[in-house]
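What follows is a set of notes on a single structure, which appears directly below.
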Amino acid sequence: MGFEGCLLADDFYYWAETSPSPDGQFHGVVHFTGWRDVDDVIESLDPPLTHTTAEAYRWASDALEAAHAMAKTLVAEGELGIDP
């Protein structure tokens, strides 16, 4: 598994990683771990909100890149169901 660490998309913190699929390819996985609220307090999500790319990728690096893109898209479109 490729591991990226804690990153930020807008006010949301997330972990991005890759997960092998049965066909030898990789999915990108995003775990949203928290967000920074209007009072600049970091609120934790327990358990994290997890999202996996629908598409599998041949290379782990491509899956990881897709995970980062998915995280940014989910935040930008307000798909997390959280009002920061």
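Phi-derived couplings, Karplus 6.51 cos²θ - 1.76 cosθ + 1.60 at θ = phi - 60°, listed residue by residue for region 41-57: 9, 7, 9, 8, 9, 9, x, x, 7, 10, 10, 10, 4, 5, 8, 9, 10 Hz, with x used for Gly and Pro. For the chain, carbon and sulfur atoms together expose 52% of the accessible surface, with a 1.4 angstrom probe and every protein chain in place. For H27, nonlocal amide neighbours, meaning residues 5 or more places apart or on other chains whose placed amide H falls under 5 Å from its own, are S19, S21, Y57. Counting only protein heavy atoms and a 1.4 Å probe, region 27-78 has 60 square angstrom of accessible area per residue.
Label 7 Å along Cα→Cβ of H68; region 5-41 residues with amide nitrogen under 17 Å? Within reach of a label on H68, which here means backbone N under 17 Å from a point 7 Å along Cα→Cβ, region 5-41 contributes 5-19, 27-32. Charges were assigned to the Cβ only: +1 to each Lys and Arg, -1 to each Asp and Glu. The resulting dipole of the chain about its Cα centre is roughly 380 debye. Rg/Rh, computed from the Cα trace of the chain with Rh as the Kirkwood radius, has the value 1.01. Per-residue ellipticity at 222 nm computed for the chain from its helices equals -7000 deg cm²/dmol, with DSSP H segments shorter than 4 residues left out and the rest contributing -39,500 (n - 2.57).
The values are calculated or read from the model by the stated rules, or taken from the named source; none is laboratory data. Only a predicted model underlies this, so the values are computations on that prediction, with no experimental measurement involved. Virtual Cβ from ideal backbone geometry, glycine too; neighbours counted across all protein chains shown. Heads up: the accessible areas ignore ligands, DNA and RNA and are worked out on the full protein's heavy atoms, side chains in. Shrake-Rupley method; radii C 1.70, N 1.55, O 1.52, S 1.80 Å.
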